[in-house]
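Beneath this line is the structure, given in structure tokens, with notes to follow.
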There are 2 protein chains.
Amino acid sequence: MKIDFDGIQAFVVIAELGGFSKAAEHLHVTQTALTRRLQKLEAYLGLRLLDRTTRYVELTVVGREFLPQAQTIVGDVTRAVSRLKDVSSRSRGNFTLACIPTMASQMLPKAMRRYAETHPGNRIRIIDASGFEVRDAVLHGQAELGIGLPTESHVELEETLLLEEPYMFFCREEHPLSRKKQIVWSDLHEAELIGISTMSANRIFLDYQLAKRGIKLSGTYEVRHLSTAIGLVAAGVGVAILPNSTLEEGARPGLCRIPLTSPTIKRKIVILRKRNSTLSPAASAFFDLVLDQAGSS
Amino acid sequence: MKIDFDGIQAFVVIAELGGFSKAAEHLHVTQTALTRRLQKLEAYLGLRLLDRTTRYVELTVVGREFLPQAQTIVGDVTRAVSRLKDVSSRSRGNFTLACIPTMASQMLPKAMRRYAETHPGNRIRIIDASGFEVRDAVLHGQAELGIGLPTESHVELEETLLLEEPYMFFCREEHPLSRKKQIVWSDLHEAELIGISTMSANRIFLDYQLAKRGIKLSGTYEVRHLSTAIGLVAAGVGVAILPNSTLEEGARPGLCRIPLTSPTIKRKIVILRKRNSTLSPAASAFFDLVLDQAGSS
DNA sequence: CACCACTTATGCGAGTATAGAATCAATTCT
DNA sequence: AGAATTGATTCTATACTCGCATAAGTGGTG
């Protein structure tokens, strides 16, 4: 059963404009084409939809009954299709992004500002979650894109490096180590370290890197979120080793940020997407934008 | 903007069945054709609707969003079209018929019974009205067909003769004229005649026919409907000259029906339709049936 | 009544599109 | 590694649709 949409559209336009020639002009085809399309449709259906002489065009009884249906059909189709073309050509549409909290307050705002300029009206739904959750959200399709940490490589995931940032030492100004220009890991033996929960991707990564170099850290306290850790440091509870971007420059007076060397350990931030899956144009545009931003910094 | 319905249908079926080959079988085309239809649609839209490898076929984000719309579109169209094909091939559907009351109780029942046998499920809406109203109903499109009296010929109306019936004399058995085998018009001079309203098409026709022959009738009473006239005759109020079919044979014991001759005047019953307008298949089938019934009687 | 203005229908030629057969290529299962 | 499955591609033949030019039908007009 091969359905003739052109014929239905021809019928609707001819009926609405009351003539083949007018309809032809409106559809940017010749009158000949319309005559034939309607003839073909009528032949296919086996009934007449329009009674026409060279003087009048008017609906038959069946045509009058069919017209409203035909109108909604044509309307629905053209509306749906033109919406899709809009989605395609101008990257219109919304999408969902999963992102770890530090990056949500660090890198995302700038990217979102730029995106809003080039794609006004598009909304980004943000899932801020832990590194693992970001990974799962992308994997299971809850989010088209994810910003997080590198994971054990998964066949269905594609990671693209956005940036690397060093781990830094954070303490209050009153702390004995606060004067040093830089700190080595062995300085930390007896510090009151505020660690991150061993369940976090961050912590696992850090432990792994340190273990490779024979370093072992034992924290006095343990929290789940980097922002909590910063809070505790500020409150004088202890010191912490955290990614540089945990704290914006100058955000908290009284806190010191000191480079950690020998070795300098950096964590990678990647953008995640499912392999072999096509991004929506809206998400794709964002992806390109973030890569561009990362490359130019 | 040329819209590719086949492509949309291909998309829906492939998405629903989860594979090109299965979908191809379902649509009775080759897998090649479907691959191309979808490619063409995607190229036209400028975006990918299905991510496919040789192993999996799955929706993209955009495709998932579009699928429900596409499904309703395809559903609506195929439903509407197949309904129309049904209307065409099996004359399914309802129509409206205008009919004068005598014929509605006389000739129509048989026609409707036969129609119901060949077209079960079809409904006929009947407008029972005067001869003039029947004509107007057809002319203005309230009814596709009309059964009534011949009118002054109108360019837009086409009349086909169904039957002719003589005017008869009706009286009670006690009436002095009831013994006669036939009655001539001059017998009626002093009868108490129950006439039909001068506004009715029936009366106008009868007066015209009689006037041509120099006969003039003066009624004592005047009513609007033939059935009322019969009632009055039965009640002994008077006698009446009415078309033969006003009373079914043997319907009212005690009433006599006597032929009127010198001359015998007959009224014609015609079926009316608008000229140059196409009947719906349902109405057309009824039209043929009625003509056939008239021809064979 | 012939002619005119206007509208739809048709014959014809050409360019395009679409379908199918065979084959290829990628992927998974054994 | 090989077989089996499945979507993509190439090639070719057919069918389709379009547009041009023109015919044919219809209502109005002198």
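Bear in mind that the values in this text are calculations on the coordinates, not laboratory data. Note that the structure is predicted; figures quoted are calculated from it, not measured. Cβ atoms come from the backbone with ideal geometry, glycine included; neighbour counts cover every protein chain shown.
To confirm my reading of the symmetry, which residue of chain B has the Cβ nearest the axis that brings B onto A, and what whole-Å distance does it have?
B:Phe5, 2
Regarding the stretch B:5-90, what is the average projected area of its C-alpha convex hull, in nm²?
5.9 nm²
To one decimal in nm, how far is A:Pro101 from the same spot in the other copies, if labels go 7 Å from Cα toward Cβ? Please give the shortest first.
Result, one decimal in nm: 8.8.
What trypsin sites (Lys or Arg not before Pro) does the stretch B:24-70 have in DSSP loop regions with at most 10 other beta carbons within 10 Å?
When the trypsin sites (Lys or Arg not before Pro) of the stretch B:24-70 are filtered for loop state and at most 10 Cβ neighbours within 10 Å, B:Arg55 remain.
Can you give the FRET efficiency to the nearest 0.05 for A:Thr160 and B:Arg79, using r as the Cβ-Cβ distance and R₀ = 51 Å?
Numbers: r = 47 Å, r/R0 = 0.91.
That pair, A:Thr160 with B:Arg79, gives E of 0.65.
In the stretch B:40-88, which chymotrypsin sites (Phe, Trp or Tyr not before Pro) are in a loop and have at most 11 other Cβ atoms within 10 Å, using DSSP for the loop call?
Passing both the DSSP loop test and the Cβ count: B:Tyr56.
Where a Cα-Cα gap under 26 Å defines reach, which lysines qualify for B:Lys40, not counting those fewer than 8 residues away within the same chain?
A:Lys2, A:Lys40, A:Lys85, A:Lys274, B:Lys2, B:Lys22
Efficiency by 1/(1 + (r/R0)^6): what FRET value for A:Ser227 and A:Ser153, r their Cβ-Cβ distance, R0 = 51 Å, to the nearest 0.05?
Using R0 = 51 Å, I get an efficiency of 0.95.
Measuring from centroid to centroid over Cα atoms, what is the spacing of the stretch A:207-285 and the stretch A:161-188 in Å?
12 Å
Using label points projected 7 Å from each Cα along Cα→Cβ, tell me how many nm separate A:Ser197 and B:Ile127, to one decimal.
Output for this residue pair reads 7.8 nm.
Would you list the P(r) distribution for chain B, with all Cα-Cα distances sorted into 10 Å bins from 0 and each bin expressed as a whole %?
With a bin width of 10 Å, the distribution comes to 6, 21, 19, 14, 11, 9, 7, 8, 5, 1, 0.
Counting partner chain Cβ atoms within 10 Å of every residue's Cβ in A:77-85, what's the average?
Values: counts 10, 2, 2, 7, 13, 3, 3, 12, 5.
Whole-number average of other-chain Cβ neighbours for A:77-85 is 6.
So for A:Glu249, A:Glu65, fewest C-beta neighbours within 10 Å to most, what's the order?
Arranged by neighbour count, lowest to highest, A:Glu249, A:Glu65 become A:Glu249, A:Glu65.
Please compute the Kirkwood hydrodynamic radius over the protein assembly as shown, one decimal place, Å, based on all pairs of different Cα atoms.
32.4 Å
Subtracting the Cα-Cα distance from 0.36 nm times the residue separation, let me have the gained length for A:His189 to A:Thr72 in nm, one decimal. Write out the running numbers ahead of the final one.
Details: separation 117, 0.36 × 117 = 42.12 nm, distance 7.51 nm.
Additional length available on full extension: 34.6 nm.
By counting other Cβ atoms within 10 Å of each Cβ, how are B:Lys181, A:Lys216, B:Lys85, B:Lys274 ranked from fewest to most?
Least crowded to most crowded, the residues run B:Lys181, A:Lys216, B:Lys85, B:Lys274.
Place a +1 charge on the Cβ of each Lys and Arg in the stretch A:10-143 and a -1 charge on the Cβ of each Asp and Glu, then give the dipole magnitude about the Cα centre in debye, rounded to the nearest 20.
Once rounded to the nearest 20, the dipole reads 340 debye.
If I model a spin label at B:Leu17 and B:Asp86 as a point 7 Å from the Cα along the Cα→Cβ vector, what separation in nanometres do I get?
Label-label distance for B:Leu17 and B:Asp86, simple model: 2.4 nm.
Quick check: the angle from helix A:281-295's long axis to the longest principal axis of chain A, C-alpha only, nearest 10 degrees?
Computed tilt is about 30 degrees.
So the label point goes 7 Å from the Cα of A:Asn276 along Cα→C-beta, right? Which residues of the stretch A:156-199 then have their backbone N under 16 Å from it?
Answer for this model: A:156-159.
Against the longest alpha carbon principal axis of chain A, how many degrees, from 0 to 90 and to the nearest 10, is the axis of helix A:61-90 turned?
30 degrees
Once you place label points 7 Å from the Cα toward the Cβ at A:Arg64 and B:Ala33, how far apart are they in nm?
3.8 nm
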